[in-house]
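Student: Below: one structure in C-alpha cells.
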C-alpha cells in the first residue's frame, strides 16, 4: 500500500491504550454535559472528601471488634484518634458539620 507524504495512517489504540487516551472534547463542552443546577465536582473537590486507610486484615479486625464493642463506627474511632493527635499539637479538633458517620 502506497501512501503520499501528506497521508497519515491513524489506528485506533487497542488493549489498555484504548483507556488512556485523553478526551478530545473541550472543557466548555464537558461543563455543558452537567445538568443545570448541578456542579460537577472533581475528585476531592466536594464538601465531603473520602479517605482510604490501608491496614493488614488482622489490624482491621481488631479495629472492627473495638468499634463493635464500643458501639461506634470505624469513622468515629478514626475521628477520635485524629482529634487526639490534633490536641497533642495544640490544634483545633475536627468539625463534622453535617457529616454522618
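The values are calculated or read from the model by the stated rules, or taken from the named source; none is laboratory data. Fair warning: this is a prediction, and the values are worked out from it, not measured in the lab. Neighbour counts run over all protein chains shown; Cβ positions are idealised from the backbone, glycine included.
Student: Which ones in region 56-75 are assigned to a loop (DSSP other than H, G, I, E, B) and either under 17 Å from residue 96 (Cβ atoms) or in contact with a helix residue (DSSP H, G or I) (Cβ under 7 Å, 6 or more places away or on another chain) (or both)?
Tutor: 72, 73
Student: When you look at residue 101, is it under 23 Å from the mean Cα position of the chain (by Cα) and at pLDDT below 70, yes or no? Talk me through it step by step, then tell me what you get.
Tutor: Working: under 23 Å from the mean Cα position of the chain (by Cα): yes; at pLDDT below 70: yes.
Yes; evaluated as a whole, the condition is true for this residue.
Student: If I filter region 53-69 for residues that are under 24 Å from the mean Cα position of the chain (by Cα), surrounded by fewer than 10 Cβ atoms within 10 Å (Cβ to Cβ) and touching a residue at least 12 places away in the same chain (Cβ under 8 Å), do I get at least one hit?
Tutor: Yes, region 53-69 contains at least one residue that is under 24 Å from the mean Cα position of the chain (by Cα), surrounded by fewer than 10 Cβ atoms within 10 Å (Cβ to Cβ) and touching a residue at least 12 places away in the same chain (Cβ under 8 Å).
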